1. For the range A:11-45, what are the residues that are touching a Pro at 6+ places or on another chain (Cβ under 7 Å), touching a residue at least 40 places away in the same chain (Cβ under 8 Å) and within 12 Å of chain B (Cβ to nearest Cβ)?
2. Looking at (1) touching a His at 6+ places or on another chain (Cβ under 7 Å); (2) surrounded by 24 or more Cβ atoms within 10 Å (Cβ to Cβ); (3) under 23 Å from residue A:106 (Cα atoms), which is the only condition residue B:33 fails?
3. Modelled with pLDDT of 95 or more, surrounded by 19 or more Cβ atoms within 10 Å (Cβ to Cβ), more than 9 Å from chain A (Cβ to nearest Cβ) and touching a Cys at 6+ places or on another chain (Cβ under 8 Å), is that true of residue B:117?
4. Specify the residue that is surrounded by the most Cβ atoms within 10 Å (Cβ to Cβ); the eligible residues are those in the range B:51-64 that are of a type in the set (A, V, I, L, M, F, W, C) and within 8 Å of chain A (Cβ to nearest Cβ).
5. Just to verify a result, which residue in the range A:46-65, among those that are β-branched (Val, Ile, Thr) and under 19 Å from residue A:142 (Cβ atoms), is farthest from the other protein chains (Cβ to nearest Cβ)?
6. Among the residues of the range A:66-95, what is the count of those that are basic (Lys, Arg), within 9 Å of another protein chain (Cβ to nearest Cβ) and either under 21 Å from residue A:138 (Cβ atoms) or not in a helix (DSSP H, G or I) (or both)?
7. Looking only at the range B:42-57, how many residues end up being out of contact with any helix residue (DSSP H, G or I) (no Cβ under 8 Å at 6 or more places or on another chain) and touching a residue at least 12 places away in the same chain (Cβ under 8 Å)?
Amino acid sequence: MTQIMKGGQPFFLPAGSTGCLLLHGFTGTPNEMHWMGEYLSGRGYTVLAPRIFAHGTQLSDMFRARWKDWVASAEDGYHLLKGSCEKIVIAGLSMGGTLSLILSSYLPVSGVIAMAAPYEMHDPTVRRLRPILPLLSLFYRSRAKESSGILDPMAKQVHVDYDGYPVRGGYELQELLEEMRSNLPQLNKPVLLINSKLDEAVTPEHARAIFESLPSSDKQILMLEEGGHNIPRDLARQTAFQAAGDFIQRVTSEAG
Amino acid sequence: MRQIQSGAEPFFYPGGETGCLLAHGFTASPQEVHRLGEHLAQQGYTVLGVRMFAHGTKHEDMNRARWTDWLTSVEDGYHLLANHCKRFFFIGSSVGGSLSLILATRFPPAGVVMLATPIRLPPDPRLERLKPILKPLSYLLPAIPKGPPTWHDPQAQVERVAYTAYPLRAILELEPLLAAMRSALPKVRVPAFLMHSKNDRFIPSEHMQQIYERLGSSDKHMTLVEDSSHVITCDAEREVVFQNVTGFIQRIDTSITEGV
């Protein structure tokens with residue numbers, strides 16, 4: 001018996017002295033970053049994908065998780081990767097994108113890639129319930145996930161995640177997003193935002209709101225035509241991987 | 001704002017095909033095994049020192065931790081090493097040694113090293129009386145201060161990165177953790193190496209003797225040091241500890257590589 005569910009393990013793919021930290025999303029696992037990791041590793045980048053606390057084990061662990069635990073897990077990944085790399089770029093999906101932006105505001109990274117990163121909690125009901133969620137979560141622990149949101153049927157099959165959303169997590173996620181919004185004005189690094197036009201949860205408006213908050217002049221949005229929220233799994237993933245690889249190459253080859 | 005305290009960061013030094021997974025103790029941080037890790041990296045081993053969940057941040061975080069979270073932290077470290085290494089040594093200080101041993105029943109390493117590792121909670125009359133109400137009490141009194149330090153090397157005390165209080169709720173988690181360790185002991189058959197200080201005033205060295213006796217391994221050794229307190233990886237005789245641990249790993253590693 002192991003603690004971590006099959007396929008949900010963190011991974012490390014050693015290659016060159018430029019590293020990419022890959023951060024998975026809320027209720028996801030490092031598994032959803034694996035194809036991206038293999039692609040970047042093939043381009044000579046060392047890749048490390050940590051498991052964010054309380055993910056990839058059992059849903060009930062999420063009831064005890066706080067947003068600071070997730071930031072600490074992402075920081076763990078950064079420090080572990082630092083041992084084999086001179087330059088680091090952080091990339092993340094959804095909540096992993098939020099974590100990428102937070103970490104990049106205070107850690108010496110060369111750039112940051114945020115895929116389908118929300119600017120605020122997308123569900124207005126969860127936003128309105130925010131003040132009572134901690135109390136509510138003591139009685140109403142979790143709600144079922146309708147679907148993974150992945151449009152590619154093959155990717156859907158190999159996806160490893162929880163089948164429900166922890167109610168407490170809805171509160172913590174909003175706290176985390178508030179931290180991100182207050183950190184964005186300090187994030188003076190090259191930023192690539194990748195979003196999907198068809199993402200029903202994190203709509204293109206989220207990307208624009210993050211874009212507007214960034215002080216950096218080196219910032220861009222790549223809007224994908226195909227696929228849904230789970231960009232590194234879904235139909236336009238190759239376009240996203242290539243853009244990410246080119247971005248890493250550019251920001252790590254420039255002086256400084 | 002950074003969540004992990006300065007000096008409490010986990011570490012990873014990629015090297016050869018033999019990987020050393022280092023686990024620190026209760027309320028400590030990766031700093032506790034960092035020098036040992038550097039020493040092993042200098043010998044050419046790949047070294048990874050994990051941060052146990054809720055350690056190295058704020059001690060309040062620990063009251064949300066369950067012992068299985070700590071086991072998962074060690075398991076994370078194993079998976080990160082797994083793609084890079086062919087053989088593994090699980091090495092732990094204090095309760096980190098207990099976790100290393102439990103992990104060894106799930107992913108068999110080439111060898112396991114337990115340093116100043118307890119076999120059960122040391123008897124504490126205060127704790128015995130409070131145990132039935134410890135969970136509710138922990139909401140009112142989240143932590144109790146640690147006793148006076150007993151370091152033999154005052155510099156090691158200065159360098160120490162650890163919580164200065166014991167989180168009350170988290171102490172309860174040590175019981176199922178150590179029970180899991182005791183049931184793992186006879187199942188572990190891989191070579192094992194134990195070290196402890198005679199002058200450990202926190203976990204008496206009899207614990208090492210009892211772990212030794214219950215271990216399923218046929219290749220098992222134990223060594224005592226004297227001029228150290230509980231944290232033998234940092235205290236006055238740390239160099240002796242580093243050499244003994246390295247000697248054990250080299251012996252097993254060579255026997256495997258030459259045997260193949």
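The values are calculated or read from the model by the stated rules, or taken from the named source; none is laboratory data. What you are looking at is a predicted structure, and each value in this text was computed from that prediction instead of being measured. Positions of Cβ are backbone-derived with ideal geometry, glycine not excepted, and every protein chain shown enters the neighbour counts.
1. A:14
2. For residue B:33, the failing item is (3).
3. Taking the combined requirement at face value, the residue does not satisfy it.
4. B:53
5. Here the residue is A:52.
6. The qualifying residues number 2.
7. The total comes to 1.
Conditions (1) outside any helix (DSSP H, G or I); (2) touching a residue at least 24 places away in the same chain (Cβ under 8 Å); (3) touching a Cys at 6+ places or on another chain (Cβ under 7 Å); (4) surrounded by 18 or more Cβ atoms within 10 Å (Cβ to Cβ), marked per residue:
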| residue | (1), (2), (3), (4) |
| --- | --- |
| B:158 | no, no, no, no |
| B:162 | yes, yes, no, yes |
| B:169 | no, yes, no, yes |
| B:184 | no, yes, no, yes |
| B:193 | yes, yes, no, yes |
| B:196 | yes, yes, no, yes |
| B:201 | yes, yes, no, no |
